[in-house]
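First comes the structure, then the notes that go with it.
The values are calculated or read from the model by the stated rules, or taken from the named source; none is laboratory data. All figures in this text were calculated on a predicted structure; none of them were measured in a lab. Cβ sites come from the backbone with ideal geometry, for glycine too, and all protein chains shown count toward neighbours. Side chains included, ligands, DNA and RNA excluded: accessible areas come from the protein's heavy atoms. Shrake-Rupley method; radii C 1.70, N 1.55, O 1.52, S 1.80 Å.
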Amino acid sequence: MHFAPIEQAREFLAANPDIEMIELFILDANGVPRGKLLHREELLAVYESGRPLPSTILGLTLHGEDVENSGLVWDVGDIDCRAYPLEGSLVRLPWRRIPTAAVQVSMHPSAGLPAAVADPRHVLLRVIEALKADGYHPVMACELEFYLLDQQRDGQGRPQPALDADGGRPRSTQVYGLRELEQIEPFLADLYAACKAQGIPARTAISEYAPGQVEITLEHGDALLAMDQAVRYKRIVKGVAHQHGMQACFMAKPFDHLAGTGMHLHVSLADADGNNLFASEDPAGTPLLRQAVGGMLAALLDSLLLFCPNANSYRRFQANSYAPLAPTWGIDNRTVSLRVPGGPAPTRHIEHRICGADANPYLAAAALLGAVHHGLRQQLDPGAPVEGNGYAQATELLPTDWLSSLQALERSAWARDTFGADFLGVYLAVKRAEYRQFMAEVGEQDWRWYLTQA
């Protein structure tokens, strides 16, 4: 674990004399940033000796509630655990009224115990180090979809698309529409500027498959750095959207009749010199690529909860919706779960299409790379790639409910070996608490279905 040297903080403060406040944050298992708001004069101490954070901060539900049987509450007296800043994470937040910067921290491997076992970034780092020990250097990129919503609900209290530059609301699906991007140009201009200032390689923007839905791709690179960038990118999108009177929504399925939001993960493996080990003139890639696909297919069910962590995540899975349903792979085929895109041989890689935009990037990447490593070690054969309509040819479907995926992760020996029993103990305790709370809640859908008919 490499933390940032104090010189980075000194240089930042010298270059930004107007900064008054520092947002210190750590990402929990649900992908929620949690932390503290510090004054400028407190920053150097964080770099010198870390910052104490309660053990419970990495064992909370999505709503920020303690999970007593996580092992991070009463068992350890909600002990303080030391977190330290990450390299390159100290950046300005240009959308804040008070001049503010943010710094991302992670738990120290020893001084951060017991919370360190639940730190999602640690989980990914261990998986990456295991791959590197065998000579494989993972390269990844992230595509994140999101909706731009109005901060005000409609007359029925439902979310609605944000107003565009002409004062209207997008009502129709205009996938790849250029006018739709033009209508949100002020937002995009500030978003790209903020990404540039923070060193986030935001690239192509497209209007996606629903009114108000946008996707922006991030450039590929070192797997850990790529996921760091994805985490910070989501915070930028939300912050800039709020500045423009909008809400950026990464919920997997915010509308029943519109497309869900995904997080497509792109992965390849390089050698120590940076050469792509998947590169081949064959569109199906090298034998190593096919073994990686075999591992990803074999571990798909066991890792599904990390790709689709919430009840709402499973509403995204509908036939012919570009959200794949089955353990399938194919060459340049968007109806399968694992796609090998076309392109020149040096760019050969795998696109993982199952993940929802609501997933924690660290945990999703850890699950993907852990499965890749499993496929390489076992030399797994993925079978023939699917040609044509993968939805129609699927002979085995993934479960489309939260409980089934929770149980699959719980009983998985592969997951215990890959992620560690300590992490799984905390994560599953949190998810079980959320499941019980969600299922106990009675609301409008229950009344509409059963109030007069049961």
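The H on the amide N of residue 113, modeled in the peptide plane, is under 5 Å from the matching H of 82, each at least 5 residues off or on a different chain. The antiparallel fraction among DSSP beta bridges confined to the chain stands at about 85%.
Here the alpha carbons of the stretch 1-87 define both size measures, Rg and Dmax, at 14.8, 46 Å. Once you reduce the stretch 401-454 and the stretch 1-49 to the center of their Cα atoms, the two points are 34 Å from each other. Spin-label model, residue 80 to residue 437: label points 7 Å out along the Cα-to-beta-carbon direction sit 2.7 nm apart. Computed over protein heavy atoms with a 1.4 Å probe, the accessible surface of the stretch 93-209 works out to 47 Å² per residue. Across the accessible surface of the stretch 306-454, with the other protein chains kept in place and a 1.4 Å probe, carbon and sulfur atoms take up 50 percent. Rg and Dmax over the alpha-carbon atoms of the stretch 264-355 stand at 13.8, 42 Å.
Each pair of Cα atoms in the stretch 26-73 enters the Kirkwood radius, and Stokes-Einstein at 25 °C and 0.890 mPa s then converts it into a translational diffusion coefficient of 203 µm²/s. Amide H contacts for residue 264 (H built 1.01 Å from N in the peptide plane; partners 5 or more residues away or on another chain; cut-off under 5 Å): 143, 145.
Among (i) 36, 30, 22; (ii) 36, 26, 21; (iii) 31, 28, 25, which is the computed semi-axes √(5λ) of the Cα gyration tensor in Å? The value computed from this structure is option (iii).
In the complete set of protein chains, residue-level accessible area for residue 391 is approximately 40 Å², probe 1.4 angstrom. Report, to the nearest whole %, how much of the accessible area of the stretch 6-118 belongs to carbon and sulfur atoms, 1.4 Å probe, protein only. Result for the stretch 6-118: 52 percent of the exposed heavy-atom area is carbon or sulfur. Here the chain is treated with +1 on each Lys and Arg Cβ and -1 on each Asp and Glu Cβ, and its dipole about the Cα centre works out to around 400 debye. In this rough spin-label picture, where each label sits 7 Å from Cα along the Cβ direction, the residue 126-residue 256 distance is 4.1 nm. Projecting the Cα atoms of 47, 35, 149 onto the dipole axis of the chain, where Lys and Arg carry +1 and Asp and Glu carry -1 at the beta carbon, places 149 farthest toward the positive end. Here the Karplus curve 6.51 cos²θ - 1.76 cosθ + 1.60, taken at θ = phi - 60°, turns the phi angles of the stretch 250-266 into couplings of 9, 4, 5, 8, x, 10, 5, 9, 10, 4, x, 10, x, 10, 7, 10, 9 Hz, with x standing for Gly and Pro.
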